[in-house]
Amino acid sequence: MVHSVEQLGIKQEFYRITSTLDVDASVIVESDECILVVDYFGLSGGAIYRSLRRFGHRNTIVDCSQAYFSEYSEALATIYSPRKFFGLPDGGLLFSDDPRIKQPEFRDTTSESRMGHLISRITESPEAAYQKYQDAEKAICELPVHGMSRLTERLLRSVNYDAARVARTRNAQYLDKKLREYNKLSLEIGEDIAPLCYPFLPNTATASRAELIKSRVFVPSYWPEVLQRSEEGSFEWDMVTNGLFLPCDQRYTEEDMERLVSLLAIR
């Protein structure tokens, strides 16, 4: 989103968020402005609802790139990134009732060139696939706006969504049951929640991100650029610096979650 706005020469400003993942109370959106609000991890639906009431549906773009299973909110636009949830080379989804937004005239035809990391993850290892993944992500950033490729659409249609949703909910609920007393974040993970990951902001000593990766648990880093514009000790700074974004997706079982909790070595 930031890259696209910069390319169009549109003025942008960043805003603070609170520990409940809401837009800071000081933010004002004028009638000719839009605000981008994020459904963080697929767990901040309440904050999205409050933003839509506060700023209006026509002035709000909802970023559901981390919230594939969140419902369309009838905002100006709602954006999804299915490749964060499933084995896809590229492609995104945009929902909008705005008549100015049209389906692109041409489809992408280059998806096959970005399948390498998906294949390597199966035939080799996640470590072997990582550089190919980074190369694929860089290539996606350089693409023009095209419709989803036929390859990606076919792969997306083959996903068992019900099974994926159930597994993510089960795994996230297990982690929350074991970790909630040690988590600065107060999360509500009901049966309708299937998050990208389980965000853990520890209030006690625990294994580091590097230690988890050494044990072959991939824990991503999110939003490193935020450190350049946030105060040390702020909620945003704490999330980026100390947050552990634990995997809970459909590839894993309850036994995997049990192992993950043990690796955290909470003390």
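Charge tally around ARG107: other residues with Cβ under 10 Å, Lys/Arg +1 each, Asp/Glu -1 each, net -2. Legend: residues VAL62, VAL145, VAL5, sorted from most to least accessible area (1.4 Å probe; ligands, DNA and RNA excluded), read VAL145, VAL5, VAL62.
Sequentially through the range 167-178, phi angles give Karplus couplings (6.51, -1.76, 1.60; θ = phi - 60°) of 5, 5, 4, 4, 5, 5, 5, 4, 4, 5, 4, 7 Hz, Gly and Pro residues having no value and appearing as x.
Provide the percentage of antiparallel DSSP beta bridges, counting only those with both residues in the range 8-112; round to the nearest 5. Don't skip to the end; give the middle numbers.
On the way: 4 of 12 bridges.
For the range 8-112, the DSSP antiparallel bridge percentage is about 35.
If R0 equals 41 Å, the separation of the Cβ atoms of SER31 and SER125 corresponds to a calculated FRET efficiency of about 0.20. DSSP finds beta bridges in the range 44-177, and of those with both partners inside it, around 40 percent are antiparallel. Of the residues SER19, SER120, GLN173, the one whose Cα sits farthest towards the positive end of the charge dipole of the chain is SER120 (charges of +1 on Lys and Arg Cβ, -1 on Asp and Glu Cβ, taken about the Cα centre). Extension gain for ARG267-GLN103 works out to 53.8 nm (0.36 nm per residue, less the C-alpha to C-alpha distance).
Here is the list for the range 71-127: GluC sites (Glu not before Pro) lying in DSSP coil, each with at most 14 other C-beta atoms within 10 angstrom of its C-beta, are GLU71, GLU74, GLU105, GLU124. Accessible area per residue was computed with a 1.4 Å probe on protein heavy atoms; CYS34 scores about 80 Å².
Only beta bridges with both residues in the chain are counted; by DSSP, about 50 percent of them are antiparallel.
For the chain, what is the calculated [θ] at 222 nm in deg cm²/dmol (nearest 500), taking -39500 (n - 2.57) for each run of four or more DSSP H residues and dividing by its residue count? Walk me through the numbers before you get to the answer.
Values: 9 runs with 93 residues, N = 267.
Helix-only estimate at 222 nm: -10500 deg cm²/dmol.
Among residues other than TRP237 with Cβ under 15 Å from its Cβ, the summed charge is -3 (Lys and Arg +1, Asp and Glu -1).
Using the Stokes-Einstein relation with a Kirkwood hydrodynamic radius computed over Cα pairs, the translational diffusion coefficient of the chain at 10 °C and a viscosity of 1.306 mPa s comes to 79 µm²/s. Counted residue by residue at 0.36 nm each, then reduced by the alpha carbon distance between them, the extension gain from HIS146 to TYR182 reaches 8.5 nm. With the convex hull drawn over the C-alpha atoms of the range 109-154, the volume per residue is 65 Å³.
Based on Cα contacts under 8 Å between residues 6+ apart, the chain shows a relative contact order of 15 percent. Entry note: the range 64-145 has Rg to Rh equal to 1.03, where both radii use alpha-carbon atoms and Rh is the Kirkwood radius. When the surface is traced with a 1.4 Å probe over the full set of protein chains, THR20 keeps roughly 90 Å² accessible. Its Cα gyration tensor gives the range 112-224 an equivalent ellipsoid; the semi-axes, largest first and in whole Å, are 30, 20, 14. For the chain, a simple Cβ point-charge model (Lys and Arg +1, Asp and Glu -1, everything else neutral) yields a dipole of about 600 debye relative to the Cα centre. Near THR60, the amide H atoms lying under 5 Å from its own belong to ILE35, LEU76; only residues 5 or more places off or on other chains count, and H is placed 1.01 Å from N.
The values are calculated or read from the model by the stated rules, or taken from the named source; none is laboratory data. No experiment lies behind these values; they were computed from the predicted model shown. Cβ coordinates were reconstructed from backbone atoms using ideal geometry, including for glycine residues, and neighbour counts include every protein chain displayed. In case anyone asks, the SASA skips ligands and DNA or RNA and just uses the protein heavy atoms, side chains included. Shrake-Rupley method; radii C 1.70, N 1.55, O 1.52, S 1.80 Å.
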